[in-house]
1. Residues of region B:125-172 being under 26 Å from B:Leu2 (Cα atoms), among the aliphatic types (A, V, I, L, M) and either within 14 Å of chain A (Cβ to nearest Cβ) or in contact (Cβ under 8 Å) with a residue 40 or more places away in the chain (or both), which ones?
2. Of the residues A:Arg180, A:Arg167, A:Arg185, which is away from every other protein chain (no Cβ under 14 Å) and touching a Phe, Trp or Tyr at 6+ places or on another chain (Cβ under 9 Å)?
3. Report yes if B:Val303 is within 12 Å of ligand 3 (Cβ to nearest atom), surrounded by 23 or more Cβ atoms within 10 Å (Cβ to Cβ), of a type outside the set (Phe, Trp, Tyr) and in contact (Cβ under 8 Å) with a residue 24 or more places away in the chain, otherwise no.
4. Every residue in region A:202-257 that is among the small types (Gly, Ala, Ser) and either within 14 Å of another protein chain (Cβ to nearest Cβ) or in contact with a strand residue (DSSP E or B) (Cβ under 7 Å, 6 or more places away or on another chain) (or both), please.
5. Hey, can you tell me all the residues within region A:35-48 that are in contact (Cβ under 8 Å) with a residue 12 or more places away in the chain and either away from chain B (no Cβ under 14 Å) or surrounded by fewer than 19 Cβ atoms within 10 Å (Cβ to Cβ) (or both)?
6. A:Ala157 passes all but one of (1) away from ligand 2 (no atom under 12 Å from the Cβ); (2) of a type in the set (A, V, I, L, M, F, W, C); (3) within 20 Å of the chain's Cα centre (by Cα); which number fails?
7. Take the residues in region B:307-318 that are within 16 Å of B:Phe108 (Cα to Cα) and within 13 Å of ligand 3 (Cβ to nearest atom); name whichever of them is nearest to the chain's Cα centre (by Cα).
8. Looking at region A:141-162, I want the residues that are in a loop (DSSP other than H, G, I, E, B) and have a partner that is β-branched (Val, Ile, Thr) with Cβ atoms under 6 Å, at least 6 apart or on another chain. Which pairs are those?
Amino acid sequence: MAISFKQIEDKLKTEAKGLLETGKVSLVLAYGKGYDEKHPMPYVARRPSDADNIVFNEFCTHNMARYMVRYPAGTKMAVAVKAADSRAVIQLIQEEKVKREDLVLLGIPAYGMKNPKTGETIDSKTTCGLYNPVLYDVLLGEEVHGQPVVSPYDVLAQYEAMDKEARFAFWKKELDKCIRCYACRKACPMCYCDPCFIDQNKPKWGEKSPESAGNLMYHLTRFHHLAGRCIDCGECSRACPVNIPLYLFHKKVAKDCEDMFGQAAGMSVEDKPVLVNFRVDDSDKILE
Amino acid sequence: MLKKTAINKATELAAALMEKGTLIAPVKEDAGFNFREISDAKQVDLNFHNTIISPKSAFFPQTEDFVRYQTGKSILEATPVELNIKPAFLFGVRPCDVKSFEIMDIHFSGTGLVDPYWQKRREATTVFGYAFDLDKPAEAEEFYQTLGIGAADPEGSDIFMVKKDNDLLMKAITPRGEKLLTGLNIPSEASADDEKYFDDTVAAGRNFKTRSTCVDARATAKKFEDLFHNTDFWEKMSHACLSCGACTFVCPTCYCFDICDETLFSRGTRRRVWDACMFTDFTLEASGHNPRTKVYQRLRQKVCHKYSYHVRKYGVISCVGCGRCTRYCPVNIDIFSIVEEAVKA
Ligand code: SF4
Ligand code: SF4
Ligand code: SF4
Ligand code: SF4
């Protein structure tokens, strides 16, 4: 069964229009037209008539959960969420950045999404690889079944097999490419800090110039700030103008976290964020 | 003077240039092409459309060291970093990017306040412009032609290159280019047929379509002035914007920088590093006050600086339509669409 993007788009428009007409929400975070069909953009519908501008196709990769924290607390909003995006919403609910009752989640079951920059199909290599939203109020299509179930951590095997020196050399080479545009953190739904540690200068945590020391400081810290929080949407890596495979590091940390604490990020609103939830029977592996 | 060389002999040409100075040319990397200082002539790869980062970094590197010092020691012991500039060749620059140098010259030397780092590198560098391939349509992101820049404009280059089948035609445009080309023993003389091909390409480049709307600099600048207080308009234009630095860092005409002191143990360096008006802390004042706290204010600054303030002050738009900002924007914001929306508004 192929995904009918057109059908999802139509349902998205109808739902958005209805929600805005009844005043149930004051805005709908979805997708709109970009400069061509392959480049749709995040879009905010505020009036019922705006709903006509909503689009949905395989290039609508952006994680709309990223935008929720931009609006004042208590804003009633509807959010179009694909699988990973819904996990971001859950994680943000756990972190008390948004409230479940303020949200209407328009779930989008999908696979075969494409990276607008490279045209590559997005799968479990660069994302969590789920097909259905974990949390939603309305599902705008049929649940996906029968697609291959691949662990999002499979891609790590070849890097885990490297010895320490080779792995360090790999990351040094990758991170040396970084131009410090911060598109990665800005595209990330979980990087909502203001100011981000790397922008602080009293104390100054890391250098601003794009050289090894500062790049390592920025990235290693960011990877760890995302521990147990990254929901593997892959947005950071897609946002990166120089194609640094940031997702690999995030996946590794997520995998370790899951192994140690038996909880993946953003899977249930009942969970507490794993790193702030102390349990007596917690793994001590982290201290080893 | 017009000379030619086989494209597959570009390595020999590169090697000849490397004997005379530093060669900066397109190199293929994981994510795409970038201008890099060449250490092995074989790295030079002309099989590119355009680079990720603009060639401005040849004159205005992302990091530039000014002074080195030891913390805890007297300032008198600090040593300025010598500007050790050698003759350089910037090879394979697309016409829109060549145009950007002229715009950047306004800021780094043209107003009377001279930035020696930019200016000395400019003076020491011979620019080899390179026409876009007119057999392929322009990419969707580009719009240089609508800003009056042809796909094969030789102006601004010292030597301009046009690809003809498997050959590279090279024409001297300035006396500096003439001198260099005469002294290069690699390319052979071109025929009358080649001369015609070169001129035809330059002419065809002027009509090579990028996007359809035409931009009148003065009228657009005025329009943006009128729209300044239209918060609705700017919020609409910016609701997708992440306020990152991707668009400004890849842009050939963005020239903002920050001066930082960076120390490793007791060794310190005062340096400048690219900065961007899209960053939250760009306008953060020492008092803690920030006049641009909202994303729309920052995007408005970026667009209006290029299309309005710059026109009012210097008479030209500070954008060359290379399309990099659009291509690398993580959320597909297209500066030209904003200009079109403004004109319509
Ligand atoms: S890197 Fe850390 S401090 Fe910066 S925004 Fe992300 S989580 Fe916050
Ligand atoms: S998006 Fe890429 S280049 Fe930009 S700061 Fe992140 S890793 Fe570095
Ligand atoms: S604003 Fe965009 S299109 Fe214009 S010169 Fe800069 S990167 Fe190129
Ligand atoms: S326009 Fe795009 S690239 Fe520029 S700051 Fe906004 S999101 Fe980043």
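1. B:Ala131, B:Leu134, B:Ile149, B:Ala151, B:Ala152, B:Met161, B:Val162, B:Leu168, B:Leu169, B:Met170, B:Ala172
2. On the way: A:Arg180 fails: away from every other protein chain (no Cβ under 14 Å); A:Arg185 fails: away from every other protein chain (no Cβ under 14 Å).
Exactly one of A:Arg180, A:Arg167, A:Arg185 is away from every other protein chain (no Cβ under 14 Å) and touching a Phe, Trp or Tyr at 6+ places or on another chain (Cβ under 9 Å), namely A:Arg167.
3. On the way: within 12 Å of ligand 3 (Cβ to nearest atom): yes; surrounded by 23 or more Cβ atoms within 10 Å (Cβ to Cβ): no; of a type outside the set (Phe, Trp, Tyr): yes; in contact (Cβ under 8 Å) with a residue 24 or more places away in the chain: yes.
The answer is no for B:Val303.
4. Just the residues of region A:202-257 that are among the small types (Gly, Ala, Ser), to begin with: A:206, A:209, A:212-214, A:227-228, A:234, A:237, A:239, A:254.
Passing the criteria: A:Gly206, A:Ser209, A:Ser212, A:Ala213, A:Gly214, A:Gly234, A:Ser237, A:Ala239.
5. Scanning region A:35-48 gives A:Glu37, A:Lys38, A:Arg46, A:Arg47, A:Pro48.
6. Of everything listed in (1) away from ligand 2 (no atom under 12 Å from the Cβ); (2) of a type in the set (A, V, I, L, M, F, W, C); (3) within 20 Å of the chain's Cα centre (by Cα), A:Ala157 misses just condition (3).
7. Residues of region B:307-318 within 16 Å of B:Phe108 (Cα to Cα): B:310, B:313-314, B:316, B:318.
Still in the running and within 13 Å of ligand 3 (Cβ to nearest atom): B:310, B:316, B:318.
Values: B:His310: 16, B:Val316: 16, B:Ser318: 11 Å.
Looking at residues that are within 16 Å of B:Phe108 (Cα to Cα) and within 13 Å of ligand 3 (Cβ to nearest atom), I get B:Ser318.
8. Sorted first by the residue in region A:141-162, then by its partner, the pairs are A:Gly141/A:Ile8.
The values are calculated or read from the model by the stated rules, or taken from the named source; none is laboratory data. Model, not experiment: these values are computed from the prediction. As a convention, Cβ positions derive from the backbone with ideal geometry for all residues, glycine included, and neighbour counts pool all protein chains shown.
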